[in-house]
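To keep things clear, I will list the structure first and then write my remarks on it.
The values are calculated or read from the model by the stated rules, or taken from the named source; none is laboratory data. Being a predicted model, the structure only gives us computed values, none of them experimental. We place every Cβ from the backbone using ideal geometry, glycine too, and count neighbours over all the protein chains shown. Accessible surface is based on the protein model in full, side chains and every heavy atom, while ligands, DNA and RNA are left aside. Shrake-Rupley method; radii C 1.70, N 1.55, O 1.52, S 1.80 Å.
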Amino acid sequence: MIDPRRLVVLAAVALLALNPGMAAASPAKPKPAAVPAVAPLPPAEPLPPPKIYLFRGAMGPIFSTGMDRLAEKLTKAGFSADVYEFTICRWIGDRAIASYKEAPAPIVLIGHSMGGLCSVIISEMAAKENIPISLVITIDPAHATDDVPLNVERFINIFLSDSVLGGGNVVAVPGFRGHYASYDLKENSRVSHINIEKSDDIHRQIVDMVTQLPRIPPQIQVDAVPLRYLVPGDTLVELWDSGVRLPVRRGDTMASIAAANRVPLWTLAQSNSLPENATLTPGQSIIVPRHLTPPDAAAAMAAPAPPPAGRK
């Protein structure tokens, strides 16, 4: 008679033969394969800082000293800014073009009097090489200054239309789609050809504008509306980049639109050829001056800033 204990052992051996995995401890329940973490996209490569070329007018070391002061402020802000005489305009233009080809960086050209004419000449030289110019600022440029070429992304002219030494009322070539703003200061009796480039307030705004350039998308905005202002004599200059068309809503007035966009009422009147108390119709479009700032900076400007002293 077979010992029952032997039967139990034989049964266990047979069971192990059929299921050898039972000889080891039961493995833990397999974990699902880990999903590899998606690496965050690297931040957009910031544009390199702009290279700034400033040009004095005739007898610049005597009459265009404001350009040297502006260059000092730009340098203090961390930018590469050099001042040149307009007499070597084309030579500096060739150097700027060669520098861009070697290491592309936004180009900024700023000139007073004949230096303003030089800034446009270099822009034309760059256009022939398909090189964009990020910003051109002319300060009471010479009457002979050419039109702004298509490769200029942003152009600002600050001038005195009744000036004999300057007075260049510079316009853009047909088809220009960049940002354009023109400021005639002839009604300000304190401004002349030999001090217009020395304004600390204008210098501050130029430094701010140049600081923003690396954060501004390079593409030309098709909705940019040119601005041309005869600035009231008792008003400080505010350097808007261009205008934008906004639809009039029910209940809007010229004053309410000016307040909502933090701009003087006179700018709306001039931009739209309307009286300051004009009656508006819903759906009508109104040109409003604007600063060309990055979206994040624009969002941060929710609270209206108090108007500078002396501005109405």
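Below is a table of values for the structure above.
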| quantity | calculated |
| --- | --- |
| Scope the range 260-277; condition open to solvent by 60 Å² or more (accessible area, probe 1.4 Å) and more than 17 Å from THR235 (Cβ to Cβ); matching residues | ALA260, SER273, PRO275, ASN277 |
| Residues being under 21 Å from PRO106 (Cβ atoms), part of a loop (DSSP other than H, G, I, E, B), open to solvent by less than 20 Å² (accessible area, probe 1.4 Å) and aliphatic (A, V, I, L, M) - total across the range 140-169 | 0 |
| Residue satisfying all of: in the range 176-200; under 23 Å from the mean Cα position of the chain (by Cα) and assigned to a loop (DSSP other than H, G, I, E, B); surrounded by the fewest Cβ atoms within 10 Å (Cβ to Cβ) among these | ARG177 |
| Entirely in the range 34-123, the strands (runs of 3 or more DSSP E) that have 1 or more residues that are at pLDDT below 95 | 80-85 |
| Evaluation of PRO247 against (1) modelled with pLDDT of 95 or more; (2) open to solvent by less than 70 Å² (accessible area, probe 1.4 Å); (3) not small (Gly, Ala, Ser) (one fails), failing number | (2) |
| Residue among ILE131, ILE92, ILE121, ILE107 that alone is over 21 Å from the mean Cα position of the chain (by Cα), assigned by the TED database to the domain that holds VAL170 and within 19 Å of GLY178 (Cα to Cα) | ILE121 |
| Residues located in the range 124-139, provided they are hydrophobic (A, V, I, L, M, F, W, C) and assigned to a helix (DSSP H, G or I) | MET125, ALA126, ALA127 |
| Condition check for PRO61: loosely packed, with under 14 Cβ neighbours inside 10 Å, more than 28 Å from SER192 (Cα to Cα) and in the same structural domain as SER182 (by the TED database) | no |
